[in-house]
Amino acid sequence: MVKHNNVVPNGHFKKHWQNYVKTWFNQPARKTRRRLARQKKAVKIFPRPTAGPLRPIVHGQTLKYNMKLRAGKGFSLEELKAAGIPKKLAPTIGIAVDHRRKNRSLESLQANVQRLKTYKAKLVVFPRHARKFKAGDSTPEELATTTQVHGSYMPIAGEKPSVELVKVSDEMKSFNAYAKLRLERMNERHMGARLKKAAEAEKDDKK
């Protein structure tokens, strides 16, 4: 006799399940192919950083993510103007530009302007033609020592909130939070009646 409330056996074994099995034998070859593609791209874009253009620091959207920092699409025109970088020049020196972005706060504007200034200070600009140096190009000495930046550069790190430690005083120890809450709750509840009583007493005094 079958025990417990089990499902009645009703197997369907005519589905040719072997035709639907997915294999992943091409995974190691794909890994190699991606690595070689990255190496070819690095050679092609030399001396630019492999991670792509510089991105701004932005806050995530919605209440769930707005306290977190992440990389944005591009720097706003206001940020570029404050950093003294022309908007036409910015994409040519590895800075992403987003003409639609607006600065909603002074803090984010200042943070991104400082980011641009730091990048500009570290920037090495190669001349378009090896022997024709123009204004804004780096010196031959700087070019000789320059290496290509692999991986992320100028990473975005959120600031950790500082915790202030205080000594527990006798006043803190003697303070009864529960009693204080009950008292304030009672005061709030009786406020209307007390105001009414005070108004009536004032009226009686005038008579």
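The table below gives the values:
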| item | result |
| --- | --- |
| Entries of Lys64/Lys102; Lys31/Lys64; Lys88/Lys117; Lys73/Lys122; Lys41/Lys122; Lys88/Lys134 with Cα pairs more than 26 Å apart | Lys31/Lys64 |
| Thr32-Val2 FRET efficiency (beta carbon distance; Förster radius 41 Å; 0.05 resolution) | 0.15 |
| The chain - Kirkwood radius from inverse mean 1/r over Cα pairs (Å) | 25.7 Å |
| Å³ per residue enclosed by the Cα convex hull of segment 94-207 | 347 Å³ |
| Candidates Thr50, Thr23, Thr92: whichever shows maximal mean-square fluctuation once the chain is modelled as a Gaussian network with Cα springs under 10 Å | Thr23 |
| Estimated dipole of the chain in Debye, rounded to 20 [Cβ of Lys and Arg +1, of Asp and Glu -1, Cα centre] | 1580 debye |
| In degrees, nearest ten, helix 27-45 long axis to first principal axis of the chain (Cα) | 80 degrees |
| Lys180-Lys160 pseudo-label distance in nm [points 7 Å out on the Cα-to-Cβ vector] | 3.1 nm |
| Cut-off 17 Å, label 7 Å out along Cα→Cβ of Lys41, residues of segment 71-103 by amide N | 94-96 |
| Cα pair distances of segment 56-112 binned at 10 Å [whole percent] | 23, 54, 19, 3 |
| Quotient of C-alpha Rg and 2.2 N^0.38 Å, computed over segment 9-104 | 1.88 |
| Degrees separating the helix 177-206 axis from the principal Cα axis of the chain, which is the longest one | 50 degrees |
| Mean Cβ count within 10 Å, highest first, over the residues of peptides 104-111, 10-17, 51-58, 172-179 | 51-58, 104-111, 172-179, 10-17 |
| For segment 72-87, Karplus couplings with θ = phi - 60° (6.51, -1.76, 1.60), whole Hz, Gly/Pro x | x, 6, x, 6, 6, 5, 5, 5, 5, 5, 5, 7, x, 10, x, 5 |
| Förster radius 45 Å - calculated FRET efficiency between Lys73 and Trp17 (Cβ-Cβ, nearest 0.05) | 0.50 |
| Options Val166, Pro155, Ala121, ranked by Cα towards positive dipole end of segment 120-188, top entry (Cβ charges) | Ala121 |
| Built amide H within the under 5 Å cut-off of Ile95, gap 5+ | Leu54 |
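Read-outs throughout are calculated quantities, based only on the coordinates presented, and are distinct from any laboratory measurement. Nothing here was measured: the structure is a model prediction, and the numbers come from that model. Ideal geometry is used to build each Cβ from the backbone, glycine not excepted, and the neighbour counts take in all protein chains shown.
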